[in-house]
Structures are given as C-alpha cells and as structure tokens.
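Each value in this text was obtained by applying a stated rule to the coordinates, not by laboratory testing. Quick caveat, the model's predicted, so the values are computed rather than measured. Cβ placement follows ideal geometry from the backbone for every residue including glycine, while neighbour counts extend to all protein chains displayed.
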Amino acid sequence: MIPVTAASARSDQGSAPPPSAAPGKGSGRAGSGHRAWFLVLPALIPILLLSVGPLLYGIVLAFTDSQAGRTDPTQWIGLLNFQDLLRDTLFWESFRIGLVWAVAVSVPQFLLALGLALLLNQNLRFRWLSRALAIVPWAMPEVVVGIMWRLVYHPDAGLLNETLGTHRDWLGSLSTALPAVVVVGIWARLPQVTVTLLAGLSNVPRELHEAAAMDGAGAWRRFCTVTWPAIRPIALAISALSFIWNVNSFALVYVLTGGGPGGRTRLPMLFAYEEAFRYGQFGYAAAMGCVLVAVVSILLAVHLVARLKGDDDA
C-alpha cells in the first residue's frame, strides 16, 4: 500500500483539471447581448439615417465643387472651399453676428428662467395653472412664433407701436433689428430652460432650506449654499445646450427678418442656407456647415472639460 502524504494530496489536487464552465452560461450572455441590440436598433436606425448619414454626406460634399444646375460631373477639389471660406469676410461677419446673438439670448434667458423657476417652485395659489401657462411658448412652432412677433413689431398696426404711440419699423431698422430679434429669441426658448431648472429645484429637499433658515440664513445665502449646489449640474447642462441651440438658430430669424436689413441679422445658418438654395453653391455651403459643426464641438468639449474639472475640485 502506498502511503498518502499531504504533499502528494496537494499535488493531486493541483494536477486535477479545472471544473468546466456551467453549460449555457456563455451562450446566454451572447444571447442577451443580441437581444439588447434588437431593442436599441429601432432608435438607432433613425439616428443613423437622419443625423449621422446626412452629416457624413455633408462632410464629403464640402470637399467637392457641387453646384446646382450644372451638367458636368462633380469634382473633388480638396480644401479649396475652406480656403475660400477663410477669405470670405461676409461669412465671418455672419459668424460674429451669430456669436453676439447666441450670447445675447442665452445669458438673459438663463437668468430669467432661473428667476421664474424659483418663483414657480414656491407654494403659490394656482401654481399648476402658472406652470401650464409658462410652457405655452414652448408648445408653439418657431414659424408661428415668428409670424406672431412680426405682427407685434408691425410698423403701422403692431401692438408695440400702438402701445408706445410710434410708427417705428423695429425689424427693418439697422439699429433695432438685432435687439428686436434677440427679444423674440429669449421669449421663445425661455419655457424650455425654465422647465428644466424647475425639475432640478423640485428635487432639492425642503428640509435643507428649513435647517438653513433655522440657522439664520437669509434667502440669498440659502440660494448660494443650498439651492445652487444642488441644481448646478442641471444649470450648466441646460446653459450649454441653450447656447448650442441658439448658435444653430435658423427658422425664427428667417421668418422674422430673413437675415436683413443689410445682413444685420444674418446668422451663419442663414448664410449657409442662402449659399446653398439661393445661389446653388452646395459644396461651399457644406464647408460652412462643417466649420459650424467644428466650432460647436469645440465649445461643447471646453464646456465638458470645465465641468469635469469643477466636479473633481468639488
């Protein structure tokens, strides 16, 4: 008889083959992955067809001399459209106007939306009705908003001129066209920012406000120490999105002024639209679109980096 020692037992255990995986475990994991793709596919297909596809086609088009009405085949011209764009002073002027418009709309819009959200978050009578009325402009298409405000600004029978007792052409004057359009932009997107901030305020525990009030903190101190830290991520996100939406504005300004007078309200998207569908320069307009996408992407990246850095510091 061969004696069994501890060493031989350990060696026998170490040489024993590893237990095989449970049958069907790997195949089940693969099957769940396939099912997940099938669930995502209905939402992914429209994004690929309506967003990613046109974006890629526009990028390719920017490197060609595509024009409307020509019979010759479209030629690949490389960076020629972008070189012409760098020398186009009209485009860069429209880009400057677009930045002025985006800042002039986004900043007052956020401040007004924050004040309105704080007000609607209070225990007011008929608060539900106030909240419902506050989102009415959001429910209106931008074309309808533009037509309505054209009637408000009408030089002869407009509500604004009737109220002020004047006959000023607010949308046709070089000095007042852009400020008048900015007012409409603030009004049109104000509910969207307000509802987002109101959702963030609704998640702030009231016990924190009550505790701060018991410690003697006033309204402003409670806002700085309790409210703002709680809604800061939402506020930063909606302000960034609002700025991007305003940079890409088209329909509202197109209905109000069409880019006039004298190009004072010609935003970059309007300029690209005119180049493509008024003058037929599809390749050149696509190059403008690529520049706008690049600028918006850079601004979004800077915002995300700053936000992540702020979260790390906190």
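Going by what's in this entry, would Gly262 be described as outside any helix (DSSP H, G or I), loosely packed, with under 15 Cβ neighbours inside 10 Å, in contact with a helix residue (DSSP H, G or I) (Cβ under 8 Å, 6 or more places away or on another chain) and on the phi > 0 side of the Ramachandran plot?
When the stated conditions are applied, Gly262 does not pass them.
When the residues of the range 31-59 are filtered to those that are touching a residue at least 40 places away in the same chain (Cβ under 8 Å) and either touching a Lys or Arg at 6+ places or on another chain (Cβ under 9 Å) or closer than 17 Å to Tyr284 by Cβ (or both), which remaining residue is surrounded by the fewest Cβ atoms within 10 Å (Cβ to Cβ)?
Ile59
Restricted to the range 61-77, and to residues that are out of contact with any strand residue (DSSP E or B) (no Cβ under 7 Å at 6 or more places or on another chain) and over 15 Å from Ala276 (Cα atoms), which residue is surrounded by the fewest Cβ atoms within 10 Å (Cβ to Cβ)? Before you say what the answer is, go through the steps one by one.
Initial filter on the range 61-77 (out of contact with any strand residue (DSSP E or B) (no Cβ under 7 Å at 6 or more places or on another chain)): 61-62, 65-73.
After this cut, where a residue has to be over 15 Å from Ala276 (Cα atoms) as well, the list is 71-73.
Details: Thr71: 4, Asp72: 7, Pro73: 7.
Per the stated criteria, the residue is Thr71.
Listed residues Arg131, Arg70; which is of a type in the set (D, E, K, R) and in a helix (DSSP H, G or I)?
So the residue among Arg131, Arg70 that is of a type in the set (D, E, K, R) and in a helix (DSSP H, G or I) is Arg131.
Which residues, taken from the range 217-253, are under 18 Å from Leu292 (Cα atoms) and either surrounded by 19 or more Cβ atoms within 10 Å (Cβ to Cβ) or not hydrophobic (A, V, I, L, M, F, W, C) (or both)? Give the steps one after another, and end with the answer.
Initially, the range 217-253 is screened for residues under 18 Å from Leu292 (Cα atoms), giving 240-251, 253.
Of everything in the range 217-253, those that are under 18 Å from Leu292 (Cα atoms) and either surrounded by 19 or more Cβ atoms within 10 Å (Cβ to Cβ) or not hydrophobic (A, V, I, L, M, F, W, C) (or both) turn out to be Ser242, Phe243, Asn246, Val247, Asn248, Ser249, Val253.
Considering Thr176, Thr196, which residue is in contact (Cβ under 8 Å) with a residue 12 or more places away in the chain, of a type in the set (Ser, Thr, Tyr) and surrounded by 13 or more Cβ atoms within 10 Å (Cβ to Cβ)?
Working: Thr176 fails: in contact (Cβ under 8 Å) with a residue 12 or more places away in the chain.
Among Thr176, Thr196, only Thr196 is in contact (Cβ under 8 Å) with a residue 12 or more places away in the chain, of a type in the set (Ser, Thr, Tyr) and surrounded by 13 or more Cβ atoms within 10 Å (Cβ to Cβ).
Restricting attention to the range 78-101, and to residues there that are assigned to a loop (DSSP other than H, G, I, E, B) and under 19 Å from Tyr279 (Cα atoms), which single residue is farthest from the chain's Cα centre (by Cα)?
Out of the qualifying residues, it is Arg87.
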